[in-house]
Every structure is written in C-alpha cells, then in structure tokens.
Amino acid sequence: MNDHEVYEISTSFPFGRMDASTSATYLRALIGNSPIAIIALDAQHRYTMCNPAFERLFQYTSKELFSEDLDYLIAGPEMMEEARDLSRRVLQGDKVHTVTQRRRRDGMIVDVELYGIPLVVDGELAGVYGLYQDVTERNKAQTAFRAISDQMDNLQQEERRRIARDLHDSTSQELTVLNWNLARLNALVTDKDEALQRLVQETREIASQCSARIRSASYLLHPPLLGEGGLTRALPWLVEGFEQRSGIQVGLEMSANLGRFRDGVEIAIFRVVQESLTNVLRHSGSAVVQIALRCDEDWLLLSISDEGAEQGGPAVSHEKRMYGVGVSGMRERVEKLGGCFSIDGTKGGTTVMVTIPRNMGVHG
Ligand SMILES: Nc1ncnc2c1ncn2[C@@H]1O[C@H](COP(=O)(O)OP(=O)(O)OP(=O)(O)O)[C@@H](O)[C@H]1O
Ligand SMILES: [Mg+2]
C-alpha cells in the first residue's frame, strides 16, 4: 500500500456511497467483530480505541490502555527498542508489516504478525492503526512440520543406506557367484557345441550387466565415494555413469580448492546434480550439459545448464510451471541449508542454480 492508498482509505473506502452515519455503523461492526486485534492511536501515539479481539489477545482493558504507553505494555523491555522503532516509522507515515513477538498481560509471549498503518486525513497524519494477528499456533505447526520433514529425510537416508547395503551384500554377491559358475560352465562346454557355447556366453554377458546395474543402483542410493572422497570424487563418478547410460555429453568444472563440506551439504549438491541430470535426459532433448561447481570464501555455487532441444523444441518457461517431486525436493534440500535454488529456462535450454553459504560447516 502506498501513501495514495492510505489517503483513499481515509476518505472514501469502503463505504463511499453511504451517508456518514451508515458508514460508521458498518465500520464499527467490522472492527468490533474482526478476529484480528485492532488498536487505534492518535498522532501522538496515544490510545484512541481497540476492539474486543485486541482485549482478548493482550488481556488489557481500555482503561489500562488509556493510562499506559502501548509499547511499554505489550513490548516489554526485551522488545522495546524494536517496538519504538516501528512506532516511529508508522508515525512518519510508513506502513509497516512484520512478524515479531509481543507480551500479554499475564507475561506470556505471543508470536504476532503485525501491521502498522498510518491514517492520513486531508494530507495530515491523524493517527495510526495497529493490527495484530496471533500466529503462535501457526509458527508451532511450522516448527513441528520442519522437525517431521527432517525426521523423514533422516529415515529416507537410513532406508536408502540399508537397501544399498542389502543389494551389495546379498544380490550383488550372488550375482558374482553366478558369474563365476557361468565361467566354469563355459570352460566345460566343448568346442563342438557352438549353440551351447553361444548361449552360455550370452548368459554370462547378461549376468555381468545385471551385476554392474545392481552395483550402480546401490552406489546411487548411497554414494560411498561421497563419504570417502567428497564431491571431487563422487561427482566425476556420477557424471561418467550418466554419460555412458544416456549418451549425453557432460562438461564438469570444479574449483581446484574445493574442500570437504559437512554431510548435509555434500549430499544436497550430489542429489541436485543427480536429479538435474535426470531431468536433462527426460525433458530437455539436449545433447550436452555443463556443470560448474565453484566456491569462494562465503559461498558454494553450483550451476547445471543444458542447451534445450536442437530443432527449436517447445519453449521451456519455468515461470508458471507445476513442478514435480524432483524440483520441489531440490529446492527444499537447498533452502534447509540456508541456500537459494532457482530453475530458469528458455528455448535455448534450462539452467539450475544453487548457492549455499559456506559457513554451514566446512571441515577441513
Ligand atoms: N532440463 C530441463 N529441460 C526441460 N524441462 C525441464 C528440465 N528440468 C525440468 N523441466 C520441466 O520441469 C518439470 C518439473 O520437473 P521435476 O523434476 O520437478 O518433475 P519431473 O521430472 O516431471 O518428475 P519427478 O517428480 O519424477 O522428478 C518437468 O516435468 C519438465 O517439464
Ligand atoms: Mg525430475
């Protein structure tokens, strides 16, 4: 809202075609029944009126509000400076909006979403409205949701690790034995029986392909190279496997000084590259993709760009796109680490950009 809108409100909104007394009745009913706590102060920041929702939220009566300074009553010493600053700004004619905390009469702290609105009449500041919405429950729900999402993430990591280990320890070992037995069988087949020889040979090839696939699936579920050598070892391995499977040419550039980062960061980067490469293969039609991973003193910067479909495929505007699990999962991982995620595309290709603050735990 700008100054002009503030002026509109004070003269004709919302009951422009009613006479003054009907307008006042409407306005009183609106403020009186609003679930949002509303207080009005004059241009000297003195109490004018408040609605029942304000009395319910802060537990002060009109009488108490008349005789005491509002900031002193509901901000308390801890939040006094911030409250004074907000009041100053609204009295200067700025509209303010923030999420903060205030104190009830019984001392309990509540999370509030607060709007401070200057009331301008005939170009002069006549007073201010303070609107407070109790968001304590909403914040609690958000915190609980984040905790559950963290737990799910840990469980998922644990489950992936278990499946990877099981694949490696059982199926993969059995396939090794199968390969070994087929090699022995091959040695027993006589030169004369060509058809049988060919069959054994083909079966050996299928078994060794299965073995390689299982091994690669197990590594992708829980990349052991990431733990051992960090991104400088795990990313080239991921890229090489992707190139072989897809036929797409990948350029990988990494800063020479790339060190180790705490597990969360390395896994996040690895998974973003993995999902972005899968998206390039599934959606882009591009024959090449370029990955750059750099770090400076403060940031870790990752970009993955493809060149879109060669023959002017469909324009990929990501602005209004509904994303699947892939993009929202990447964004969530990165934002959880205090970073930023973006995806942007045109006919000329799609670019995924990630920045993560370095201070999220560099060890080494
Ligand atoms: N590199 C790309 N080139 C073209 N389109 C892309 C690219 N990456 C993503 N998209 C578009 O963005 C959409 C969302 O991607 P996202 O990874 O979230 O979902 P998905 O790949 O369709 O399914 P999944 O949830 O299994 O990953 C895709 O369906 C695709 O239309
Ligand atoms: Mg995807």
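Residues checked against (1) in a helix (DSSP H, G or I); (2) more than 17 Å from D134 (Cα to Cα); (3) in contact (Cβ under 8 Å) with a residue 40 or more places away in the chain; (4) of a type outside the set (D, E):
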site: E82; (1), (2), (3), (4): yes, yes, no, no
site: R88; (1), (2), (3), (4): yes, yes, no, yes
site: D94; (1), (2), (3), (4): no, yes, no, no
site: L114; (1), (2), (3), (4): no, no, no, yes
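The criterion of at least 3 residues that are out of contact with any Gly (no Cβ under 9 Å at 6 or more places or on another chain) and small (G, A, S) is met by the following helices (runs of 4 or more DSSP H) wholly inside the stretch 168-270: 172-188, 194-221.
Go through G230, G264 for me and flag whichever is more than 16 Å from ligand 1 (Cβ to nearest atom) and at positive phi. Result of the check over G230, G264: G230. Scanning the stretch 290-323 for residues that are modelled with pLDDT under 70 and open to solvent by less than 80 Å² (accessible area, probe 1.4 Å), which turns out farthest from ligand 2 (Cβ to nearest atom)? This residue is G312. When you check G285 against the structure, is it within 16 Å of ligand 2 (Cβ to nearest atom) and on the phi > 0 side of the Ramachandran plot, yes or no? In short, yes. Taking first residues from the stretch 279-304 that are without any contact (Cβ under 8 Å) to a residue 40 or more places away in the chain and partners that are part of a helix (DSSP H, G or I), the Cβ contacts under 6 Å between residues at least 6 apart in sequence or on separate chains come to L281/S246.
Taken together, the residues in the stretch 132-161 that are surrounded by 13 or more Cβ atoms within 10 Å (Cβ to Cβ) and in contact with a Lys or Arg (Cβ under 9 Å, 6 or more places away or on another chain) amount to 2.
The values are calculated or read from the model by the stated rules, or taken from the named source; none is laboratory data. All of these numbers come straight from a predicted model, not from anything done at the bench. Cβ: placed from backbone, ideal geometry, glycine included. Neighbour counts: every protein chain shown. Remember, those area values only see protein heavy atoms, side chains included, never the ligands or the DNA or RNA. Shrake-Rupley method; radii C 1.70, N 1.55, O 1.52, S 1.80 Å.
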